[in-house]
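The values are calculated or read from the model by the stated rules, or taken from the named source; none is laboratory data. No experiment lies behind these values; they were computed from the predicted model shown. Neighbour counts are summed over all protein chains in view; Cβ atoms, including those assigned to glycine, are modelled from backbone coordinates with ideal geometry.
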Amino acid sequence: MLMMDRRRLLGSIAGAALASAAPGRAATRGAAPLKLEALQSLIDGLVAAGRVPGAVVAVVEPGAFRPQFLSVGRTAFDGGQAVTPDTLWRIYSMSKPITAMAVMQRIAARDLAIDQPVADILPELARPRVLIDPKAGLESMPAPAGPTIRQLLTHTAGYTYAINGDGPLEREYRRLGIQPGSVNGFLRPGDGPLPDLNGMVAALAGLPLWQAPGAGWRYSISLDVAGALLERLAGETLDRVLERQLFGPLGMASTGFWARDAGRLASNYLWIGADGKPLDTPVPLAPIEKDGFTARPRLLSGGGGLVSSARDYARFVQMLLNEGQFNGRTIMPTGTARQALSNMMPLGQLYEGRNGFGAGGRLTLFDTRSGGEGAPAMLYGWGGAAGTLMVVDRVRQLGVVVMLQYMPQQRFPLEKDLARSLNRAADGR
C-alpha cells in the first residue's frame, strides 16, 4: 500500500541495528464457503521461507463480529511465544485509517465539515506559503488557499514527509522533529527531538507547504495534522479522543500508542543494510527501538504510532465493512461510512495514476482482476511500514487484516501475494 521511498530512513535504522545487534475454520458467504486455505498457505510460506517468524490473519464478513483467525509461527526468530489473535504488532501507517475515521465521526456530528479549512481549528496554519521549487530551496510564495479537512484525509493538503527524500523541506522537517511515527530511537544525528502535536503544528506553521493544497497526492504528515486537529477540537489528547470515539465503543482494549503489556509485542526485523541493499538475514530492530512502543510517547502519531492486535483491528474493519455498525451499535452513520470508503480525491486526480483515495486509505476504482491477479473495484485498504495490511472488500463482502513484522514493507511482494490469495479464497481461482 505504501510505495514511498523509505531507503534513507531505513538505511539509518539498519546502520544502528547492525551496530547494536549482534488453520482456522472456514467462514461462510451465503451458500459458498470462503476458502481460507489460500490465506493460510500465504502466511505458512512466509514463515517457512524465513521472512517472518510468525503471522496472524483475521477475516470478517458482514454482520455480527465472528472473526476467523489463521496463525503460524512465533513472535521472534530466536524463540518468543506462539503468535495468537491477541499478539501485539506495530501497525505504523495502518494508524492512518483509524485517525481518518475519527475525523469522519466528527464530521458526522457536525463538529467539522469535509471541505472546512483546517485553519478554522488550527489557526496557526492560516495563510500558508508554498515552495517555488521543492528541489532548489525554501523560497516560497503565498499559497492560493489553505488546506481543507478533505485534503488532510487524502494526502492532498500540500505537506510532505521527512522520509520522502532529502530535499530542503524534508531536511527542515527532520531538523524540527517532524517525523513519521512516535519512536525517538529512529532519529538520526542532527534530527530534532520529537515534539508533541501542538509543537508539531507550531513547527509546521513556520514552514512552507511542499505544493499547493489540492495540487496532487503526496504521502505526508497530513494524518498527524488530523490528529492534532482532533486534539484541539476535543480539548484532550489524541489517545483519549481515539479511546472515546473508537477503541472503547469497538472493544479495542489492546490498541494504543504503546503496548501496555510489552510481553505480547512481537519482534520487528529489518531486511536492508545501511547501504540500502537487501540483507540475506534480517536484523532485529529492538536494540535501537529502545522503549519505542512500550512507553507513552511524546508525539502521539495518528499517522504511524499505534500498536494493535489482529483481534482489535478486525473489530475496526468489521465496523467499516458493516458501514458504521458494530454488534448492534452505530459507531458511524451509514452515509458517513460510505463517504469515507469512497473516492474523496479532488476531481480529476488519481492516486498512483489509476486509483482513488478514501479517508486514510487507497480505493481501487476499477476491477483489475485477470488471471488471478488484481482486485475488484471499490476495495479500500492500507498498510504499515512493517508489512501489516488491511482490506475492506465490499464487492466480495469481506474484510482482512494481516499482522506480521518486517521492514521495509517493499522487501517482499506481500500486497500482491495477498491479492492473489484473496482471489483464490473468494473467487475460487
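In the stretch 49-71, is there at least one residue being under 23 Å from the mean Cα position of the chain (by Cα), acidic (Asp, Glu), more than 23 Å from residue 264 (Cβ to Cβ) and not in a strand (DSSP E or B)? Within the stretch 49-71, one or more residues are under 23 Å from the mean Cα position of the chain (by Cα), acidic (Asp, Glu), more than 23 Å from residue 264 (Cβ to Cβ) and not in a strand (DSSP E or B). Go through the stretch 265-290 residue by residue and tally those that are under 18 Å from residue 181 (Cβ atoms) and surrounded by fewer than 17 Cβ atoms within 10 Å (Cβ to Cβ). Adding up the residues that qualify gives 2. No other residue among 387, 356, 371 is surrounded by fewer than 24 Cβ atoms within 10 Å (Cβ to Cβ), over 24 Å from residue 104 (Cα atoms), assigned by TED's automatic domain parsing to the domain that holds residue 90 and of a type in the set (Gly, Ala, Ser) apart from 371.
Scanning the stretch 237-254 turns up no residue that is over 19 Å from the mean Cα position of the chain (by Cα), under 20 Å from residue 89 (Cβ atoms) and modelled with pLDDT under 95. When 330, 336 are checked against the criterion of being farther than 14 Å from residue 246 by Cα, modelled with pLDDT of 95 or more and of a type outside the set (Lys, Arg), 336 stands alone in meeting it. Taken as a whole, the structure places residue 149 among residues that are under 30 Å from residue 340 (Cα atoms) and over 17 Å from the mean Cα position of the chain (by Cα).
The number of residues in the stretch 289-331 that are assigned to a strand (DSSP E or B) and closer than 22 Å to residue 156 by Cα comes to 0. Taken over the stretch 148-170, the criterion of being under 16 Å from residue 96 (Cβ atoms) and not aliphatic (A, V, I, L, M) is satisfied by 150, 151, 154, 155, 156, 159, 160, 161, 164. Here residue 90 meets each of (1) farther than 26 Å from residue 206 by Cβ; (2) surrounded by fewer than 24 Cβ atoms within 10 Å (Cβ to Cβ); (3) charged (D, E, K, R) with one exception, condition (2). Consider the stretch 176-223 and keep the residues that are touching a Ser or Thr at 6+ places or on another chain (Cβ under 6 Å) and within 20 Å of residue 239 (Cα to Cα). The one that is surrounded by the fewest Cβ atoms within 10 Å (Cβ to Cβ) is 181. Could you say whether any residue in the stretch 179-199 is over 25 Å from residue 285 (Cβ atoms) and touching a strand residue (DSSP E or B) at 6+ places or on another chain (Cβ under 7 Å)? No - not one qualifying residue is present in the stretch 179-199.
For residues that are of a type in the set (Gly, Ala, Ser) and over 26 Å from residue 279 (Cβ atoms), scanning just the stretch 50-70, find the one that is surrounded by the most Cβ atoms within 10 Å (Cβ to Cβ).
Among those that are of a type in the set (Gly, Ala, Ser) and over 26 Å from residue 279 (Cβ atoms), it is 58.
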